[in-house]
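Below: the structure, in C-alpha coordinates.
The values are calculated or read from the model by the stated rules, or taken from the named source; none is laboratory data. Everything numeric here is computed off the predicted structure, so don't read it as measured data. Cβ placement follows ideal geometry from the backbone for every residue including glycine, while neighbour counts extend to all protein chains displayed.
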Amino acid sequence: MTELVEHGKLFIGGEWADPLGGGTIEVVSPHTEQVIGRVPHASGEDVDRAVAAARKAFDEGPWPRLALEERIAVVSRIKDAIAVRHEEIARSISSQNGSPYSWSVLAQALGPMMVYDAAITVARDFPYEEYRAGALGPILVRREPVGVVAAVIPWNVPQFVAAAKLAPALLTGSTVILKPSPESPLDSFILADIAREAGLPEGVLSILPADREVSEYLVGHPGVDKVAFTGSVAAGKRVMEVAARNLTRVTLELGGKSAAVILPDADLDLTVPGLIQSGWMNNGQACVAQTRILAPRSRYDEVAEALVAAVRAQVVGDPLDPATQIGPLVAKRQQRRSLDYIGIGQEEGAKVLTGGGIPAGLERGWYVEPTLFGDVDNSMRIAREEIFGPVVCLLPYGDEEEAARIANDSDFGLSGSVWTADVEHGIDFARRVRTGTYNVNTFSLDMLGPFGGYKSSGVGREFGPEGLSEYLEHKMIHLPAGYQAPAPGAGA
(Lines give C-alpha, C1' and ligand atoms only; values in the text may rest on other atoms or scores of the structure.)
Protein backbone atom coordinates (compact mmCIF):
# COMPACT_ATOMS: atom_id res chain seq x y z
CA MET A 1 0.00 0.00 0.00
CA THR A 2 1.47 3.35 -1.06
CA GLU A 3 1.72 5.82 1.81
CA LEU A 4 -0.55 8.86 1.48
CA VAL A 5 1.51 11.99 0.76
CA GLU A 6 -0.02 15.27 1.91
CA HIS A 7 1.20 18.85 1.63
CA GLY A 8 -0.62 21.83 3.11
CA LYS A 9 1.46 24.74 1.83
CA LEU A 10 2.55 26.19 -1.51
CA PHE A 11 6.10 27.13 -2.49
CA ILE A 12 5.92 30.86 -3.29
CA GLY A 13 9.01 32.94 -3.85
CA GLY A 14 11.22 30.38 -2.15
CA GLU A 15 9.14 30.06 1.03
CA TRP A 16 6.38 27.72 2.15
CA ALA A 17 3.16 29.75 2.33
CA ASP A 18 -0.47 29.08 3.20
CA PRO A 19 -2.59 28.95 0.04
CA LEU A 20 -5.11 31.74 -0.41
CA GLY A 21 -7.59 29.48 -2.16
CA GLY A 22 -9.37 26.59 -0.46
CA GLY A 23 -9.01 24.02 -3.24
CA THR A 24 -7.26 20.67 -2.99
CA ILE A 25 -5.82 18.38 -5.65
CA GLU A 26 -6.21 14.66 -5.01
CA VAL A 27 -3.62 12.51 -6.73
CA VAL A 28 -4.90 9.07 -7.76
CA SER A 29 -2.74 6.01 -8.43
CA PRO A 30 -3.25 4.75 -12.00
CA HIS A 31 -2.42 1.25 -10.72
CA THR A 32 -4.75 0.97 -7.70
CA GLU A 33 -7.20 3.80 -8.50
CA GLN A 34 -6.75 4.90 -4.87
CA VAL A 35 -5.87 8.40 -3.62
CA ILE A 36 -2.14 8.56 -2.89
CA GLY A 37 -1.66 12.27 -2.33
CA ARG A 38 -3.26 15.64 -1.58
CA VAL A 39 -1.78 19.07 -2.26
CA PRO A 40 -3.18 22.60 -2.29
CA HIS A 41 -4.73 23.81 -5.54
CA ALA A 42 -3.18 27.19 -6.31
CA SER A 43 -5.62 30.02 -6.92
CA GLY A 44 -5.44 33.17 -9.02
CA GLU A 45 -4.50 35.07 -5.86
CA ASP A 46 -1.59 32.68 -5.32
CA VAL A 47 -0.49 33.35 -8.90
CA ASP A 48 -0.57 37.09 -8.18
CA ARG A 49 1.66 36.58 -5.14
CA ALA A 50 4.11 34.42 -7.07
CA VAL A 51 4.33 36.81 -10.01
CA ALA A 52 4.83 39.78 -7.68
CA ALA A 53 7.65 37.94 -5.89
CA ALA A 54 9.26 36.95 -9.20
CA ARG A 55 8.88 40.47 -10.58
CA LYS A 56 10.53 42.03 -7.54
CA ALA A 57 13.33 39.45 -7.54
CA PHE A 58 14.05 40.14 -11.19
CA ASP A 59 13.71 43.92 -11.12
CA GLU A 60 15.41 44.56 -7.78
CA GLY A 61 16.98 41.37 -6.48
CA PRO A 62 20.47 39.92 -6.80
CA TRP A 63 19.74 36.93 -9.06
CA PRO A 64 20.00 38.56 -12.52
CA ARG A 65 22.99 40.57 -11.33
CA LEU A 66 25.07 37.71 -10.00
CA ALA A 67 28.12 36.54 -11.88
CA LEU A 68 27.34 33.58 -14.12
CA GLU A 69 29.52 31.26 -12.03
CA GLU A 70 27.48 32.11 -8.93
CA ARG A 71 24.26 31.09 -10.68
CA ILE A 72 25.96 27.97 -12.00
CA ALA A 73 26.92 27.04 -8.43
CA VAL A 74 23.28 27.18 -7.32
CA VAL A 75 22.00 25.21 -10.32
CA SER A 76 24.78 22.66 -9.77
CA ARG A 77 23.55 22.15 -6.21
CA ILE A 78 20.04 21.50 -7.56
CA LYS A 79 21.46 18.89 -9.93
CA ASP A 80 23.52 17.25 -7.21
CA ALA A 81 20.53 17.04 -4.86
CA ILE A 82 18.47 15.36 -7.58
CA ALA A 83 21.24 12.76 -7.84
CA VAL A 84 21.00 12.08 -4.11
CA ARG A 85 17.19 11.81 -4.22
CA HIS A 86 16.79 10.24 -7.67
CA GLU A 87 15.16 7.02 -6.43
CA GLU A 88 12.62 8.98 -4.38
CA ILE A 89 11.84 11.17 -7.39
CA ALA A 90 11.48 8.18 -9.71
CA ARG A 91 9.13 6.37 -7.34
CA SER A 92 7.06 9.51 -6.81
CA ILE A 93 6.56 10.04 -10.54
CA SER A 94 5.88 6.37 -11.29
CA SER A 95 3.25 6.22 -8.56
CA GLN A 96 1.48 9.23 -10.10
CA ASN A 97 1.61 8.65 -13.85
CA GLY A 98 2.27 4.92 -14.25
CA SER A 99 5.73 5.28 -15.76
CA PRO A 100 7.64 2.00 -15.26
CA TYR A 101 10.08 2.47 -12.40
CA SER A 102 13.04 1.09 -14.35
CA TRP A 103 12.42 3.71 -17.02
CA SER A 104 11.66 6.41 -14.44
CA VAL A 105 15.05 6.09 -12.80
CA LEU A 106 16.70 6.90 -16.12
CA ALA A 107 14.30 9.38 -17.69
CA GLN A 108 12.40 10.93 -14.79
CA ALA A 109 15.32 11.41 -12.39
CA LEU A 110 18.74 10.93 -14.00
CA GLY A 111 17.49 12.55 -17.22
CA PRO A 112 16.85 15.90 -15.50
CA MET A 113 20.38 15.79 -14.08
CA MET A 114 21.69 15.49 -17.63
CA VAL A 115 19.55 18.47 -18.64
CA TYR A 116 21.04 20.64 -15.89
CA ASP A 117 24.54 19.44 -16.72
CA ALA A 118 24.18 20.19 -20.41
CA ALA A 119 22.65 23.61 -19.75
CA ILE A 120 25.58 24.50 -17.49
CA THR A 121 28.02 23.49 -20.23
CA VAL A 122 26.18 25.61 -22.79
CA ALA A 123 25.84 28.59 -20.43
CA ARG A 124 29.58 28.69 -19.72
CA ASP A 125 30.48 28.95 -23.41
CA PHE A 126 27.63 31.18 -24.52
CA PRO A 127 28.48 34.61 -26.04
CA TYR A 128 26.50 37.00 -23.83
CA GLU A 129 28.30 39.97 -25.37
CA GLU A 130 30.04 40.35 -28.68
CA TYR A 131 31.44 43.26 -30.67
CA ARG A 132 30.68 43.43 -34.37
CA ALA A 133 31.59 45.68 -37.24
CA GLY A 134 28.32 47.39 -38.09
CA ALA A 135 27.40 49.12 -41.32
CA LEU A 136 27.70 52.56 -39.66
CA GLY A 137 30.34 51.81 -37.05
CA PRO A 138 31.10 49.27 -34.33
CA ILE A 139 28.23 47.70 -32.37
CA LEU A 140 27.97 45.72 -29.17
CA VAL A 141 25.37 42.95 -29.10
CA ARG A 142 24.22 41.88 -25.64
CA ARG A 143 22.02 38.97 -24.56
CA GLU A 144 20.12 39.75 -21.37
CA PRO A 145 17.67 37.66 -19.29
CA VAL A 146 14.10 37.69 -20.54
CA GLY A 147 12.54 38.36 -17.12
CA VAL A 148 9.70 36.53 -15.35
CA VAL A 149 9.06 33.11 -16.87
CA ALA A 150 5.87 31.07 -16.55
CA ALA A 151 6.83 27.42 -17.08
CA VAL A 152 3.85 25.11 -17.59
CA ILE A 153 4.76 21.44 -17.56
CA PRO A 154 2.90 18.17 -18.32
CA TRP A 155 2.37 15.00 -16.29
CA ASN A 156 4.26 12.52 -18.47
CA VAL A 157 7.89 13.52 -17.74
CA PRO A 158 7.45 16.31 -15.19
CA GLN A 159 10.97 16.70 -13.82
CA PHE A 160 12.63 16.33 -17.21
CA VAL A 161 10.44 19.06 -18.69
CA ALA A 162 10.81 21.23 -15.58
CA ALA A 163 14.59 21.00 -15.94
CA ALA A 164 14.36 21.87 -19.65
CA LYS A 165 12.75 25.18 -18.66
CA LEU A 166 14.27 25.91 -15.26
CA ALA A 167 17.89 25.30 -16.24
CA PRO A 168 18.15 27.92 -19.02
CA ALA A 169 15.88 30.38 -17.23
CA LEU A 170 17.84 30.26 -13.98
CA LEU A 171 21.27 30.19 -15.58
CA THR A 172 20.52 33.29 -17.67
CA GLY A 173 19.18 35.19 -14.65
CA SER A 174 15.40 35.01 -15.04
CA THR A 175 12.89 34.18 -12.32
CA VAL A 176 10.32 31.40 -12.67
CA ILE A 177 6.80 30.37 -11.72
CA LEU A 178 6.59 26.62 -12.35
CA LYS A 179 3.08 25.20 -12.87
CA PRO A 180 2.94 21.39 -12.52
CA SER A 181 0.05 19.31 -13.83
CA PRO A 182 -2.65 18.29 -11.32
CA GLU A 183 -2.05 14.64 -12.28
CA SER A 184 1.56 14.69 -11.08
CA PRO A 185 2.26 17.46 -8.55
CA LEU A 186 3.89 15.42 -5.76
CA ASP A 187 7.42 15.36 -7.20
CA SER A 188 7.33 19.15 -7.53
CA PHE A 189 7.35 19.42 -3.73
CA ILE A 190 10.60 17.43 -3.70
CA LEU A 191 11.98 19.92 -6.22
CA ALA A 192 10.86 22.81 -4.00
CA ASP A 193 12.80 21.37 -1.06
CA ILE A 194 15.84 20.93 -3.29
CA ALA A 195 15.65 24.48 -4.67
CA ARG A 196 15.34 26.00 -1.22
CA GLU A 197 18.30 24.05 0.11
CA ALA A 198 20.35 24.99 -2.97
CA GLY A 199 20.20 28.64 -1.98
CA LEU A 200 17.99 30.30 -4.60
CA PRO A 201 17.39 33.90 -3.49
CA GLU A 202 13.97 35.07 -2.38
CA GLY A 203 11.40 35.33 -5.15
CA VAL A 204 13.35 33.45 -7.81
CA LEU A 205 11.19 30.31 -7.89
CA SER A 206 7.56 29.53 -7.11
CA ILE A 207 5.80 26.20 -7.72
CA LEU A 208 2.01 26.26 -8.10
CA PRO A 209 0.09 23.04 -8.83
CA ALA A 210 -3.20 23.91 -10.50
CA ASP A 211 -5.68 23.09 -13.24
CA ARG A 212 -6.15 24.57 -16.70
CA GLU A 213 -8.12 27.60 -15.52
CA VAL A 214 -5.35 28.80 -13.23
CA SER A 215 -2.77 27.96 -15.89
CA GLU A 216 -4.59 30.26 -18.27
CA TYR A 217 -4.60 33.01 -15.66
CA LEU A 218 -0.83 32.60 -15.22
CA VAL A 219 -0.13 32.56 -18.95
CA GLY A 220 -2.16 35.73 -19.43
CA HIS A 221 -0.69 37.57 -16.45
CA PRO A 222 0.70 40.99 -17.41
CA GLY A 223 3.62 40.50 -15.03
CA VAL A 224 4.96 37.54 -17.03
CA ASP A 225 7.57 38.18 -19.74
CA LYS A 226 7.79 34.70 -21.26
CA VAL A 227 5.75 31.50 -21.29
CA ALA A 228 7.44 28.12 -21.76
CA PHE A 229 4.81 25.43 -22.33
CA THR A 230 4.86 21.70 -23.00
CA GLY A 231 1.61 19.88 -23.73
CA SER A 232 -0.99 19.15 -26.37
CA VAL A 233 -1.47 21.04 -29.62
CA ALA A 234 -4.91 22.29 -28.56
CA ALA A 235 -3.57 23.59 -25.26
CA GLY A 236 -0.54 25.12 -27.00
CA LYS A 237 -2.78 27.06 -29.36
CA ARG A 238 -4.74 28.37 -26.40
CA VAL A 239 -1.52 29.37 -24.60
CA MET A 240 -0.37 31.30 -27.65
CA GLU A 241 -3.75 32.99 -27.98
CA VAL A 242 -3.86 34.09 -24.33
CA ALA A 243 -0.19 35.16 -24.24
CA ALA A 244 -0.68 37.22 -27.40
CA ARG A 245 -2.95 39.63 -25.53
CA ASN A 246 0.16 40.96 -23.75
CA LEU A 247 2.57 40.13 -26.60
CA THR A 248 4.22 37.72 -24.18
CA ARG A 249 6.96 35.63 -25.73
CA VAL A 250 6.20 31.92 -25.97
CA THR A 251 7.95 28.66 -26.65
CA LEU A 252 5.74 25.65 -27.25
CA GLU A 253 6.81 22.00 -27.24
CA LEU A 254 3.74 20.11 -28.43
CA GLY A 255 2.69 16.77 -29.88
CA GLY A 256 4.06 14.33 -32.39
CA LYS A 257 3.23 11.45 -34.68
CA SER A 258 6.76 10.53 -35.59
CA ALA A 259 7.77 8.02 -38.23
CA ALA A 260 10.46 5.36 -37.85
CA VAL A 261 11.57 4.28 -41.34
CA ILE A 262 13.09 0.82 -41.80
CA LEU A 263 15.13 0.78 -45.01
CA PRO A 264 15.43 -2.51 -46.93
CA ASP A 265 18.98 -3.18 -45.74
CA ALA A 266 18.24 -2.73 -42.01
CA ASP A 267 19.34 -5.40 -39.52
CA LEU A 268 16.15 -6.28 -37.64
CA ASP A 269 18.08 -7.72 -34.69
CA LEU A 270 19.33 -4.18 -34.05
CA THR A 271 16.29 -2.29 -35.32
CA VAL A 272 13.43 -3.97 -33.46
CA PRO A 273 14.77 -3.32 -29.92
CA GLY A 274 15.20 0.34 -30.88
CA LEU A 275 11.63 0.50 -32.18
CA ILE A 276 10.25 -1.07 -29.00
CA GLN A 277 12.05 1.57 -26.96
CA SER A 278 11.03 4.47 -29.17
CA GLY A 279 7.43 3.40 -29.78
CA TRP A 280 6.25 2.13 -26.40
CA MET A 281 8.49 3.98 -23.92
CA ASN A 282 6.69 5.44 -20.92
CA ASN A 283 3.60 3.41 -21.93
CA GLY A 284 3.44 5.40 -25.17
CA GLN A 285 3.00 8.60 -23.16
CA ALA A 286 5.79 10.50 -24.92
CA CYS A 287 5.58 13.29 -27.47
CA VAL A 288 8.66 11.95 -29.29
CA ALA A 289 7.36 8.37 -29.55
CA GLN A 290 7.83 6.77 -32.97
CA THR A 291 4.21 5.71 -33.36
CA ARG A 292 4.33 5.17 -37.14
CA ILE A 293 6.71 2.41 -38.25
CA LEU A 294 7.31 2.31 -42.00
CA ALA A 295 8.47 -1.02 -43.44
CA PRO A 296 9.36 -1.86 -47.06
CA ARG A 297 6.74 -4.09 -48.69
CA SER A 298 9.48 -6.56 -49.56
CA ARG A 299 10.11 -7.17 -45.83
CA TYR A 300 6.73 -6.20 -44.38
CA ASP A 301 5.75 -9.67 -43.11
CA GLU A 302 9.20 -10.25 -41.64
CA VAL A 303 9.08 -6.89 -39.82
CA ALA A 304 5.55 -7.52 -38.58
CA GLU A 305 6.48 -10.94 -37.19
CA ALA A 306 9.54 -9.61 -35.38
CA LEU A 307 7.66 -6.66 -33.91
CA VAL A 308 4.74 -8.78 -32.74
CA ALA A 309 7.11 -11.12 -30.90
CA ALA A 310 8.91 -8.20 -29.24
CA VAL A 311 5.70 -6.39 -28.27
CA ARG A 312 4.21 -9.54 -26.74
CA ALA A 313 7.38 -10.09 -24.71
CA GLN A 314 6.97 -6.80 -22.82
CA VAL A 315 6.06 -7.19 -19.15
CA VAL A 316 2.87 -5.30 -18.22
CA GLY A 317 2.08 -4.56 -14.59
CA ASP A 318 2.62 -2.51 -11.45
CA PRO A 319 4.74 0.51 -12.39
CA LEU A 320 6.73 0.25 -9.15
CA ASP A 321 7.81 -3.32 -9.95
CA PRO A 322 11.34 -3.10 -11.43
CA ALA A 323 10.44 -5.87 -13.91
CA THR A 324 7.59 -3.89 -15.46
CA GLN A 325 8.10 -2.48 -18.97
CA ILE A 326 4.55 -1.23 -19.60
CA GLY A 327 2.56 0.32 -16.77
CA PRO A 328 -0.90 1.89 -16.59
CA LEU A 329 -1.87 5.11 -18.32
CA VAL A 330 -2.05 8.21 -16.17
CA ALA A 331 -5.85 8.53 -15.96
CA LYS A 332 -9.08 6.80 -16.83
CA ARG A 333 -9.62 9.28 -19.68
CA GLN A 334 -6.29 8.27 -21.23
CA GLN A 335 -7.17 4.59 -21.04
CA ARG A 336 -10.52 5.34 -22.67
CA ARG A 337 -8.80 7.42 -25.35
CA SER A 338 -6.45 4.59 -26.32
CA LEU A 339 -9.25 2.01 -26.37
CA ASP A 340 -11.41 4.35 -28.46
CA TYR A 341 -8.61 4.77 -31.00
CA ILE A 342 -8.13 1.01 -31.14
CA GLY A 343 -11.80 0.74 -32.06
CA ILE A 344 -11.47 3.53 -34.62
CA GLY A 345 -8.49 1.79 -36.23
CA GLN A 346 -10.44 -1.44 -36.62
CA GLU A 347 -13.41 0.43 -38.08
CA GLU A 348 -11.06 2.07 -40.60
CA GLY A 349 -9.82 -1.34 -41.76
CA ALA A 350 -6.55 -1.71 -39.88
CA LYS A 351 -5.74 -5.05 -38.27
CA VAL A 352 -4.70 -5.52 -34.64
CA LEU A 353 -1.56 -7.66 -34.88
CA THR A 354 -1.20 -7.90 -31.10
CA GLY A 355 -2.81 -6.30 -28.06
CA GLY A 356 -5.92 -4.23 -28.50
CA GLY A 357 -7.57 -4.48 -25.10
CA ILE A 358 -7.18 -4.45 -21.33
CA PRO A 359 -4.58 -6.97 -20.08
CA ALA A 360 -6.02 -10.04 -18.36
CA GLY A 361 -5.79 -9.76 -14.59
CA LEU A 362 -5.30 -5.99 -14.70
CA GLU A 363 -8.90 -4.86 -14.83
CA ARG A 364 -8.25 -2.55 -11.88
CA GLY A 365 -6.00 0.32 -12.89
CA TRP A 366 -5.89 2.15 -16.21
CA TYR A 367 -4.08 -0.45 -18.28
CA VAL A 368 -4.06 -0.96 -22.04
CA GLU A 369 -2.20 -3.80 -23.73
CA PRO A 370 0.81 -2.75 -25.82
CA THR A 371 -0.82 -2.73 -29.25
CA LEU A 372 0.49 -2.96 -32.81
CA PHE A 373 -1.71 -2.27 -35.82
CA GLY A 374 -0.96 -3.64 -39.28
CA ASP A 375 -2.48 -2.88 -42.70
CA VAL A 376 -2.45 0.81 -41.82
CA ASP A 377 -2.84 3.53 -44.42
CA ASN A 378 -1.44 6.95 -43.61
CA SER A 379 -4.84 8.57 -44.18
CA MET A 380 -6.33 6.70 -41.20
CA ARG A 381 -6.94 8.61 -37.98
CA ILE A 382 -4.75 6.21 -36.02
CA ALA A 383 -1.87 7.21 -38.30
CA ARG A 384 -2.56 10.95 -38.20
CA GLU A 385 -3.68 11.76 -34.65
CA GLU A 386 -1.61 11.55 -31.49
CA ILE A 387 -3.04 8.78 -29.30
CA PHE A 388 -0.61 9.15 -26.36
CA GLY A 389 -0.87 5.53 -25.33
CA PRO A 390 0.79 2.18 -26.14
CA VAL A 391 -0.64 2.01 -29.68
CA VAL A 392 1.69 1.92 -32.71
CA CYS A 393 0.95 1.64 -36.45
CA LEU A 394 2.87 -0.42 -39.02
CA LEU A 395 2.66 1.00 -42.53
CA PRO A 396 4.05 -0.49 -45.78
CA TYR A 397 5.89 1.52 -48.44
CA GLY A 398 7.25 0.83 -51.92
CA ASP A 399 10.41 2.86 -52.50
CA GLU A 400 12.30 5.48 -50.51
CA GLU A 401 10.46 8.33 -52.24
CA GLU A 402 7.21 6.96 -50.90
CA ALA A 403 8.74 6.41 -47.44
CA ALA A 404 9.86 10.04 -47.25
CA ARG A 405 6.49 11.23 -48.52
CA ILE A 406 4.62 9.23 -45.88
CA ALA A 407 6.97 10.39 -43.13
CA ASN A 408 6.38 14.02 -44.14
CA ASP A 409 2.62 13.59 -44.65
CA SER A 410 1.73 14.64 -41.13
CA ASP A 411 0.56 17.71 -39.27
CA PHE A 412 3.41 17.06 -36.85
CA GLY A 413 7.20 17.22 -37.11
CA LEU A 414 8.82 16.52 -33.76
CA SER A 415 10.99 13.41 -34.04
CA GLY A 416 11.75 10.44 -36.27
CA SER A 417 14.31 7.82 -37.13
CA VAL A 418 15.74 5.77 -39.99
CA TRP A 419 17.24 2.29 -39.71
CA THR A 420 19.79 1.13 -42.28
CA ALA A 421 23.08 -0.71 -42.74
CA ASP A 422 24.53 2.43 -44.38
CA VAL A 423 24.80 5.36 -41.95
CA GLU A 424 25.69 7.87 -44.69
CA HIS A 425 22.60 6.78 -46.60
CA GLY A 426 20.62 7.23 -43.38
CA ILE A 427 21.93 10.78 -43.02
CA ASP A 428 20.85 11.56 -46.57
CA PHE A 429 17.38 10.22 -45.80
CA ALA A 430 17.25 12.25 -42.57
CA ARG A 431 17.83 15.43 -44.56
CA ARG A 432 14.59 14.77 -46.48
CA VAL A 433 12.31 14.51 -43.44
CA ARG A 434 10.81 17.73 -42.07
CA THR A 435 11.08 17.19 -38.36
CA GLY A 436 12.94 18.86 -35.50
CA THR A 437 14.88 15.87 -34.17
CA TYR A 438 16.04 12.81 -36.08
CA ASN A 439 17.93 9.60 -35.35
CA VAL A 440 19.97 7.26 -37.51
CA ASN A 441 20.08 3.71 -36.11
CA THR A 442 19.37 4.92 -32.61
CA PHE A 443 16.82 6.67 -30.46
CA SER A 444 18.09 9.37 -28.15
CA LEU A 445 17.83 13.03 -27.24
CA ASP A 446 21.08 14.95 -26.89
CA MET A 447 20.67 17.95 -24.60
CA LEU A 448 23.61 19.81 -26.17
CA GLY A 449 21.65 20.22 -29.43
CA PRO A 450 18.35 21.95 -30.22
CA PHE A 451 15.08 20.10 -29.54
CA GLY A 452 11.72 21.20 -30.88
CA GLY A 453 9.25 20.71 -33.67
CA TYR A 454 8.18 21.72 -37.14
CA LYS A 455 4.54 22.42 -38.03
CA SER A 456 2.07 21.65 -35.22
CA SER A 457 4.79 20.18 -33.02
CA GLY A 458 5.73 23.54 -31.61
CA VAL A 459 7.40 26.93 -31.67
CA GLY A 460 10.98 27.55 -30.59
CA ARG A 461 13.64 25.19 -29.28
CA GLU A 462 14.87 23.72 -26.01
CA PHE A 463 18.42 22.58 -25.15
CA GLY A 464 21.72 23.66 -26.65
CA PRO A 465 22.64 27.27 -27.40
CA GLU A 466 19.39 27.60 -29.35
CA GLY A 467 17.36 26.70 -26.27
CA LEU A 468 19.32 29.05 -24.03
CA SER A 469 18.69 31.89 -26.50
CA GLU A 470 14.93 31.49 -25.97
CA TYR A 471 15.43 32.90 -22.45
CA LEU A 472 17.41 35.93 -23.57
CA GLU A 473 16.59 39.30 -25.05
CA HIS A 474 18.96 40.71 -27.68
CA LYS A 475 20.17 44.29 -27.35
CA MET A 476 22.26 46.28 -29.85
CA ILE A 477 24.44 49.13 -28.58
CA HIS A 478 25.78 51.50 -31.25
CA LEU A 479 29.31 52.78 -30.63
CA PRO A 480 31.12 55.79 -32.07
CA ALA A 481 33.21 55.45 -35.19
CA GLY A 482 36.81 54.62 -34.39
CA TYR A 483 35.99 52.90 -31.09
CA GLN A 484 38.36 50.01 -30.48
CA ALA A 485 36.69 47.00 -28.85
CA PRO A 486 38.66 45.42 -26.00
CA ALA A 487 40.38 42.13 -26.73
CA PRO A 488 38.37 39.04 -25.78
CA GLY A 489 38.82 38.34 -22.08
CA ALA A 490 40.17 41.79 -21.29
CA GLY A 491 39.18 42.93 -17.83
CA ALA A 492 37.86 39.49 -16.85
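If you check Ala403, Ala430, Ala407, Ala487 for being in contact with a Pro (Cβ under 9 Å, 6 or more places away or on another chain) and not assigned by TED's automatic domain parsing to the domain that holds Leu110, only one passes: Ala403.
Within the bounds of region 156-166, is there any residue that is among the aliphatic types (A, V, I, L, M), outside any helix (DSSP H, G or I) and modelled with pLDDT of 95 or more? Looking for residues that are among the aliphatic types (A, V, I, L, M), outside any helix (DSSP H, G or I) and modelled with pLDDT of 95 or more, one finds at least one in region 156-166, hence yes.
Out of Val224, Val239, Val250, one residue alone is more than 22 Å from Ala310 (Cβ to Cβ), part of a loop (DSSP other than H, G, I, E, B) and at pLDDT 95 or above. It is Val224. Checking the condition closer than 30 Å to Ile120 by Cα and free of Cβ contacts under 8 Å to residues at least 12 places away in the same chain, which residue from Ser379, Ser444 passes? Matching residue, one of Ser379, Ser444: Ser444. Candidates Val440, Val423: the one that is surrounded by fewer than 22 Cβ atoms within 10 Å (Cβ to Cβ) and touching a Gly at 6+ places or on another chain (Cβ under 6 Å) is Val440.
Conditions (1) crowded, with 20+ Cβ neighbours inside 10 Å; (2) under 18 Å from Leu191 (Cβ atoms); (3) assigned by TED's automatic domain parsing to the domain that holds Met113, marked per residue:
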{"residue": "Thr24", "(1), (2), (3)": "no, no, yes"}
{"residue": "Val28", "(1), (2), (3)": "no, no, yes"}
{"residue": "Pro40", "(1), (2), (3)": "yes, yes, yes"}
{"residue": "Ser43", "(1), (2), (3)": "yes, no, yes"}
{"residue": "Ala50", "(1), (2), (3)": "yes, yes, yes"}
{"residue": "Trp63", "(1), (2), (3)": "yes, yes, yes"}
{"residue": "Glu69", "(1), (2), (3)": "no, no, yes"}
{"residue": "Val74", "(1), (2), (3)": "no, yes, yes"}
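Applying the condition of being more than 25 Å from the chain's Cα centre (by Cα) and among the small types (Gly, Ala, Ser) to region 381-420 and asking which residue is surrounded by the most Cβ atoms within 10 Å (Cβ to Cβ) yields Ala403. When Asp46 is tested against the conditions (1) acidic (Asp, Glu); (2) free of Cβ contacts under 8 Å to residues at least 40 places away in the same chain; (3) in contact with a Gly (Cβ under 9 Å, 6 or more places away or on another chain); (4) over 30 Å from Asn283 (Cβ atoms), the lone failure is (2). The set of residues from region 2-19 being outside any strand (DSSP E or B) and closer than 21 Å to Glu88 by Cβ comprises Thr2, Glu3, Leu4, His7, Gly8, Lys9. The requirement of being assigned by TED's automatic domain parsing to the domain that holds Leu200, surrounded by 15 or more Cβ atoms within 10 Å (Cβ to Cβ) and not β-branched (Val, Ile, Thr) is not satisfied by Asp18. Filtering region 344-380 to residues that are under 19 Å from Gln285 (Cα atoms) and either among the acidic types (Asp, Glu) or loosely packed, with under 14 Cβ neighbours inside 10 Å (or both) leaves Gly357, Glu369. Screening the candidates Leu270, Leu208, Leu275 for the property of being modelled with pLDDT of 95 or more, buried (at least 24 other Cβ atoms within 10 Å of the Cβ) and either within 16 Å of Ser456 (Cα to Cα) or in the same structural domain as Arg384 (by TED's automatic domain parsing) (or both) yields one hit, Leu275. When the residues of region 252-308 are filtered to those that are under 17 Å from the mean Cα position of the chain (by Cα) and hydrophobic (A, V, I, L, M, F, W, C), the one that is nearest to Glu369 (Cα to Cα) is Trp280. Do the conditions hold for Ala133, that is, is it free of Cβ contacts under 8 Å to residues at least 24 places away in the same chain and buried (at least 24 other Cβ atoms within 10 Å of the Cβ)? Here the answer is no, as Ala133 does not meet what is asked.
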